[in-house]
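Take a look at the structure below.
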Amino acid sequence: MAVWSEESVGHTGGFVRDEATRALADGRLVPVRIDNVDSPLGFGEIQALDLTRWKRGGKHPAIEALVEAIRAKLEGREAEIEPILRRGRMRRLATNVAALVVIAGLAFAALDVFSSRSSLCAMSTSISDACGSAGLGGRPDRDERLAWAALPAGDCQALRQFVEDYPDGSYRTAAADLITAREVRSGEEWAPAERRLRLFVPSGGPAASEAAAREDAIGRGNRRAARACGDFPDSRLTTAAIEPDEWICRSEPGGTVCAMEGDAICSLELRQTVEIEYCGADTSAEQD
């Protein structure tokens with residue numbers, strides 16, 4: 001069985017396609033599709049069973065058809081999957097017809113009383129979505145409902161985009177009211193910055209070699225840099241390090257000592273005051 005997905009038909013799916021090619025040559029290939037993708041080149045003439053609507057549980061006509069296809073391969077006969085899929089389509093059609101009957105019943109039962117129709121359409125999320133698709137009860141359809149629930153709280157630009165995407169939607173008035181109530185608040189953000197300070201690091205105790213003396217001086221320089229870099233107002237320190245450009249090393253009894261001069265490199269985040277738009281409260285609640 002070959003599973004066509006976004007990964008297996010993409011550049012990382014070479015192994016899957018190789019195995020599918022071998023199965024095709026042996027007459028054992030049973031392809032299925034779990035994402036909305038086209039079959040790879042060379043496999044387009046073999047219909048893949050569509051599992052994109054399978055909810056990983058319960059009976060599904062595509063799963064029944066898959067079992068039949070595998071059983072037929074094992075038994076060396078032609079698979080009879082079309083009757084299975086036809087029965088599945090008939091079941092879906094019956095379900096859709098039943099939903100339309102419910103919507104029609106809701107509409108005809110409450111033609112004279114808008115509030116009653118709205119209450120009936122609010123009985124469940126699925127009925128509300130169906131009412132929205134049919135333009136009943138002032139309900140949003142599924143896409144608009146999910147887009148409204150996903151709006152970040154207070155995000156004015158997201159609300160403007162929502163009104164542009166759903167100009168005649170059920171939430172348009174609520175979105176417009178939130179935009180009209182727009183506030184501009186003061187906030188703060190931290191911006192990365194770099195500062196340099198000139199530092200002199202005096203010599204320390206004698207070391208066994210000049211390399212060791214320089215290493216000791218750099219360690220002491222880094223500690224001095226951290227202290228110096230921490231004095232900038234309205235900032236927080238990320239890293240600090242010494243960058244030497246002049247060395248003074250000499251031999252003394254007991255070893256070598258080194259002093260140096262250089263720049264302390266201060267990596268900071270500076271606090272800045274910014275103006276932030278705020279448009280109303282959280283929009284994640286369902287429409288009443």
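Here, each number is a calculation from the coordinates, and none is a lab measurement. Nothing here was measured: the structure is a model prediction, and the numbers come from that model. Cβ placement follows ideal geometry from the backbone for every residue including glycine, while neighbour counts extend to all protein chains displayed.
Arrange the peptides 6-19, 218-231 so that the one whose residues have, on average, the most other Cβ atoms within 10 Å appears first. Spell out each step's value before the answer.
Details: 6-19: 13.5, 218-231: 16.6.
Ranked by mean Cβ neighbours within 10 Å, highest first: 218-231, 6-19.
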When only Cα pairs under 8 Å and 6 or more residues apart are kept, what is the percent relative contact order across region 184-263? 41
What percentages, rounded to whole numbers, describe P(r) for region 149-288 computed over all alpha carbon pairs with 10 Å bin width beginning at zero? 11, 24, 15, 12, 12, 11, 9, 5, 1
Given region 174-231, what whole percent of its Cα pairs are spread farther than 14 Å? 72
